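Colleague: I have a structure here, written as structure tokens, and I will follow up with some questions on it.
Just so it is clear, none of the values below were taken in a lab; they were calculated from the coordinates. Computed from a predicted structure; not experimentally measured. FYI the Cβ positions are ideal-geometry reconstructions off the backbone, even for glycines, and counts take in every protein chain you see.
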Amino acid sequence: MMEIVDIKDWGLGLSEHTLIAGPCSAESPEQIEAIARGLKGSRVEMFRSGVWKPRTRPGSFEGIGEDALEWLNIAKDILNVPVTVEVANAAHVEAALKGGVDVLWIGARTTVNPFSVQEICDSLKGVDIPVMVKNPINPDLQLWLGAFERLSKVGINKLAGIHRGFSDPYEKRYRNKPEWSMPIHLKRMMPGISVICDPSHIAGTREIIASVSQRAINFGLDGLMIETHHDPDKAWSDAKQQITPDTLKIIYDNLNFRESIDKHPEAITELEELRQKIDLLDAQLIELFADRFQIIKQVGDYKREHNLAVYQPGRWQEVMESRIKTGNKKGMTEKFMKSLLFAIHEESVKMQEAQLKEAKAEIKA
Ligand code: PEP
Ligand code: MN
């Protein structure tokens, strides 16, 4: 992988809290102009607009296409900011480059398909343009990483991720459920990469755009891409989740950007004592887990000798209920207790299964 260029160093005047705004889709030159005029005086640093729209089912508005590209210059002139559009194949890339688009983005439905991503990469050979990659629809970090690696291989090093949540049929609150650990893992795997949050496609409704945006900031994401329309209810796509430029200004002004601790040496010293306590407790926790697993092994030996199944549902039920209750009393949520207990239980079952396998191997030998 080539070294990734931070969004602040793309030469486009983007800040550490990049704000990207604009409609889901370009509808007409008048619409682009009205939105851009509305955004004037806001903190917007890049203008977004879909031109080719990937719709889940045919029949709905699929974008104006290439003809809309020149309308984006209206926004560029009014706001004096770069513009970005979604591309999904080589023809889109060619048209976008010809149309003077400054930054490309790859949509969630495209990131899932390595053939499409590769086609885009092949058409970008020798071109120096920043590319933002939305997470794939399903929570697969490898697919997301793969897209960045393909882009890097053809020489694109101005890269950023966009967290737009994941499809989940059981999810009621969000259109696409956020998974905040994903951008954190991505940043760990790809040092230097910026990750923007797209609260619009996470939320699906405008009422929760503000709270999703604040969470993104709390998790250390590097900016926001928010769908903005001068008359959201009449938007040709994603009407429910778009907000007016005025609402965007209010939301942005009310966000609480806390500074990274790295910039405050006094805080690091003051927190040192507490952090040492945490380190010690973590070490003790690991010791305790090791002791617990030791006993699990003894239980495993017993089960093997007496030909008992590894998984004992009655016992597991009892453990879950009593531990959740105790955890609750100490202020820990049921969700946290469950995931902790599941992790411990899964590891224990795996250990005992390995013991059984070993025993079988011994018998055969
Ligand atoms: C969009 O940004 O309008 C879009 C289609 O998003 P996604 O790829 O996240 O669904
Ligand atoms: Mn949209």
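Colleague: Please report the equivalent ellipsoid semi-axes of the chain, computed as sqrt(5 x eigenvalue) of the Cα gyration tensor, largest first, in whole Å. Working shown, then result.
Modeller: Details: eigenvalues 425, 118, 89 Å².
After scaling each eigenvalue by five and taking roots: 46, 24, 21 Å.
Colleague: Using the charge dipole of the chain (Lys, Arg: +1 at Cβ; Asp, Glu: -1 at Cβ; taken about the Cα centre), state which of Leu104, Gly165, Thr247 has its Cα farthest towards the positive end.
Modeller: So the residue furthest toward the plus end is Gly165.
Colleague: Counting DSSP beta bridges in the range 87-180, what percent are antiparallel, to the nearest 5?
Modeller: On the way: 1 of 8 bridges.
Among the beta bridges of the range 87-180, antiparallel pairing accounts for roughly 10 percent.
Colleague: Principal axes first, then extents: for the Cα atoms of the range 238-331, list largest minus smallest coordinate on each axis, whole Å, largest first.
Modeller: 71, 47, 24
Colleague: Taking R0 as 22 Å, what FRET efficiency do you get between Asp291 and Lys335 from their Cβ-Cβ distance, rounded to the nearest 0.05?
Modeller: Efficiency, rounded to the nearest 0.05: 0.25.
Colleague: What order, most packed first, do the peptides 231-237, 161-167 have when packing is the mean number of other Cβ atoms within 10 Å of each residue?
Modeller: So the peptides 231-237, 161-167, ranked by packing, come out 161-167, 231-237.
Colleague: While we're looking at this one, here's another question. Run the numbers on the chain and let me know its relative contact order in percent, using alpha-carbon pairs under 8 Å that are six or more apart.
Modeller: On the way: 573 pairs, mean separation 51.7, N = 365.
Dividing the mean separation by the residue count of the chain yields 14 percent.
Colleague: Moving on. What fraction, in whole percent, of alpha-carbon pairs in the range 156-270 exceed 24 Å separation?
Modeller: For the range 156-270, the share of Cα pairs beyond 24 Å comes to 33 percent.
Colleague: Okay, next question. What relative contact order, as a whole-number percentage, does the range 1-130 give when Cα pairs under 8 Å and 6 or more residues apart are counted?
Modeller: RCO, the range 1-130: 20 percent.
Colleague: Using a 10 Å cut-off on Cβ atoms, rank the peptides 57-64, 203-210 from the highest mean neighbour count down.
Modeller: With the highest mean Cβ count within 10 Å placed first, the list reads 203-210, 57-64.
Colleague: Also, I was wondering about something else. How about the range 268-321: which chymotrypsin sites (Phe, Trp or Tyr not before Pro) there are in a DSSP loop, with at most 16 other Cβ atoms within 10 Å of their Cβ? Let's see the in-between values first.
Modeller: On the way: sites: Phe289, Phe293, Tyr302, Tyr311, Trp316; in loops: Tyr311.
Listed in order of number, the matching sites are Tyr311.
Colleague: Let me ask something additional. May I ask what percent, to the nearest 5, of DSSP beta bridges between residues of the chain are antiparallel?
Modeller: Close to 5 percent.
Colleague: Given the rule -39500 (n - 2.57) for each run of at least 4 DSSP H residues, summed and divided by the residues of the chain, what is its mean residue ellipticity at 222 nm, to the nearest 500 deg cm²/dmol?
Modeller: -15500 deg cm²/dmol
Colleague: With only Lys, Arg, Asp and Glu charged, each at its Cβ (+1 for the first two, -1 for the last two), find how big the charge dipole of the range 63-156 is about the Cα centre; round to the nearest 20 debye.
Modeller: So the dipole magnitude of the range 63-156 works out to roughly 260 debye.
Colleague: Name the residue, out of Leu271, Leu186, Leu308, whose mean-square fluctuation peaks in a Gaussian network model built on the chain with Cα pairs under 10 Å.
Modeller: Taking springs between Cα atoms under 10 Å, the residue moving most is Leu308.
Colleague: Let me spell out the model: positive unit charges on the Cβ of Lys and Arg, negative unit charges on the Cβ of Asp and Glu, origin at the Cα centre of the chain. What dipole size does that give, in debye rounded to 20?
Modeller: Numbers: 47 positive and 53 negative charges, 254 e Å.
Its charge dipole is roughly 1220 debye.
Colleague: Going by average Cβ neighbours within 10 Å, how do the peptides 124-133, 340-349 rank, with the highest at the top?
Modeller: Answer by packing, highest mean first, reads 124-133, 340-349.
Colleague: May I pose another question? Under 20 Å from a point placed 7 Å out from the Cα of Asp128 along the Cα-to-Cβ direction: which residues of the range 1-18 have their backbone N that close?
Modeller: The answer is 1-15.
Colleague: Select from Ile295, Ile226, Ile196 the residue whose mean-square fluctuation is largest in a Gaussian network model of the chain (Cα-Cα springs shorter than 10 Å).
Modeller: So, out of Ile295, Ile226, Ile196, the one fluctuating most is Ile295.
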